[in-house]
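Notes to accompany the following structure.
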Amino acid sequence: MAESGVANQNFNVSWKVDVDPSFDYLVRLFFADIISTSANDLYFNVYINGRKAISALDLSTITGDLAAPYYKDFVVNSSVNTDGHIIIDVGPLGEDTGRNDALLNGAEVLKMTNSVGSLDGEYGVDGRMVDDGSGTRKVVAAVGFAMMFGAFAGLGCMVVKWHRRPQDWERRNSFSSWLLPIHTGQSFSNGKSKSGYTFSSTAGLGHFFTFAEMSEATKNFAESAIIGVGGFGNVYVGEINDPDEEGSRIKVAIKRGNPSSEQGINEFNTEIQMLSKLRHRHLVSLIGYCDEGEEMILVYEFMQHGPFRDHIYGGPEGLPTLSWKQRLEICIGAARGLHYLHTGTAHGIIHRDVKTTNILLDDKFVAKVADFGLSKDGPGMNQLHVSTAVKGSFGYLDPEYFRCQQLTDKSDVYSFGVVLLETLCARAPIDPQLPREQVSLAEWGLQWKRKGLIEKIMDPNLAGKVNPESLAKFAETAEKCLCEFGSDRLSMGDVLWNLEYALQLQESNPPEGASDADDADASIVSSASGVTTVPDQSTTSANELFAQLADMKGR
């Protein structure tokens, strides 16, 4: 397609299928990248009936390999299929985006039964008789209708006709609620609820909110309600009706996606998919969502004390300094959340964006991992890694992942090692204002650790308040997280164990400079994970837990 000689490469390839406009249709699209010679080389958009169905599709990232088969399902609602056609388009992202290619290897268009279980055109989706003005149609004895075309193989030679798109095409035709992807094992369809279109899934996607409810909760998305800004969009604080207690209101965090963000749809879907199957005390909970029109809004539990980073450096003035015990407990909570991500599902989940701004603190300073928009499922049974384009935040990126584009859970471990150094040193992971040897916190911290002088770069607020053995264990853990090769790094379970041991060392023999006031309100250790199981409401201290584990008689 890139070799076609077309002057304006912002084109699409189209297929048109005649359908009965009184029915919904399942559209299944088949892809296999047999064109590319290297991973992450081909990105393209997919449209159905002029609406963007998939944005910036990268098959090598999804499948982890070249030429691997992949399919995706969509439901096309009869309410928008008024002209009797389903049109499928594929095309490049646009000008100045590198390679101008796209592919589609096959497609199936399947008629869906209506509310009375009929596939006969005499009955519409709602089961009522359809009068086309020429009398009653004859009943067609059909148990299924399937239209298959495709199975195209070659180097993208599948052109049916060319469509040039106006410059505002993408802006006017973004993904909306009438076209929802159906994912294997976690279906999304276009069921209607009292409040509008909603997901139909057994996975529990949370509550559907209308856009009016979101506007009311944030006072029309007032600037004064903004509590955070990210690549996906702004985060607002708002109030909604408490679903568990009639008549009361609760605070929530509302993340509103930017419609112009190319990756916004992917992150929106990823976040919903991940959080709908994950439940853990140390992961931020998804309450609900809104996808009216072009809106992409996610509603989370409100984390009163905000990002961990604000409490160690760079935050608003007047925030109290966290004690060493508090910092350890926050790191332990985050490690528990990540350990659950890595081990709590069949293949595990890799967060891909671990950093101090994605570790949030609730009203009791319990740490919870947030922002799953970049998360990926871990490698399968016969795989050692996931091949994918490099994404994440500078200063936290695993160098092995950056070089080889091979993602593993050890990439999260590396990022968490940077978080540990931030916790200790109270400075940013990248600071270009510093001398060259100090710009990267990971490199600078490792240099001082190898000299045996890690205390020299410790946060001055902690001076004289940290048990030397606790500090040594903490620094050793950070160093092992930051090994150049993933195979040499600790697992997140080992990181968690080491941090709990560092906390035990601090509690068992606190230095004289660490007053009781420093730790008076810092008891935020949550339930133990791994070897023992303690209810979340337990007040069991780390000392007691270690004593129980060390007791050969058991409990």
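A few points about this structure:
- Residue in the range 426-444 that is in contact with a Lys or Arg (Cβ under 9 Å, 6 or more places away or on another chain) and charged (D, E, K, R) present: no
- One residue stands out in the range 373-419 among those that are at pLDDT 85 or above and among the basic types (Lys, Arg): the one that is nearest to Leu338 (Cα to Cα), namely Lys410.
- Among the residues of the range 307-321, those that are buried (at least 19 other Cβ atoms within 10 Å of the Cβ) and not in a helix (DSSP H, G or I) comprise Pro307, Ile312.
- Here Ile87 does not fit the description of being within 20 Å of Glu294 (Cα to Cα), in contact with a strand residue (DSSP E or B) (Cβ under 6 Å, 6 or more places away or on another chain) and either at pLDDT below 85 or not in a loop (DSSP other than H, G, I, E, B) (or both).
- Leading residue by the ranking (farthest from His280 (Cα to Cα)) among those in the range 294-306 that are in a loop (DSSP other than H, G, I, E, B) and in contact with a helix residue (DSSP H, G or I) (Cβ under 9 Å, 6 or more places away or on another chain): Glu295
- In the range 206-228, the residues that are touching a residue at least 60 places away in the same chain (Cβ under 8 Å) and in a loop (DSSP other than H, G, I, E, B): Gly206, Phe209, Thr210
- From Arg336, Arg403, Arg327, Arg352, residue being buried (at least 23 other Cβ atoms within 10 Å of the Cβ), more than 23 Å from Leu424 (Cβ to Cβ) and not assigned by TED's automatic domain parsing to the domain that holds Lys255: Arg352
- Just one of the listed residues (Glu500, Glu507) is under 12 Å from Leu328 (Cα atoms), modelled with pLDDT under 95, surrounded by 15 or more Cβ atoms within 10 Å (Cβ to Cβ) and among the acidic types (Asp, Glu), and it is Glu507.
- Residue count for the range 473-509, restricted to those that are of a type in the set (Phe, Trp, Tyr) and under 16 Å from Tyr414 (Cβ atoms): 1
- Scanning the range 424-436 for residues that are in a helix (DSSP H, G or I) and in contact with a Phe, Trp or Tyr (Cβ under 8 Å, 6 or more places away or on another chain) turns up just one, Leu424.
- Scope the range 1-35; condition closer than 30 Å to Gln406 by Cα and either at pLDDT 80 or above or touching a Phe, Trp or Tyr at 6+ places or on another chain (Cβ under 9 Å) (or both); matching residues: Met1, Arg28, Leu29, Phe30, Phe31, Ala32, Asp33, Ile34, Ile35
- When Tyr70 is tested against (1) of a type outside the set (A, V, I, L, M); (2) under 21 Å from Thr270 (Cβ atoms); (3) in contact (Cβ under 8 Å) with a residue 60 or more places away in the chain; (4) surrounded by fewer than 18 Cβ atoms within 10 Å (Cβ to Cβ), only condition (3) is not met.
The values are calculated or read from the model by the stated rules, or taken from the named source; none is laboratory data. Being a predicted model, the structure only gives us computed values, none of them experimental. Backbone-built Cβ (ideal geometry, glycine too); neighbour counts: all protein chains shown.
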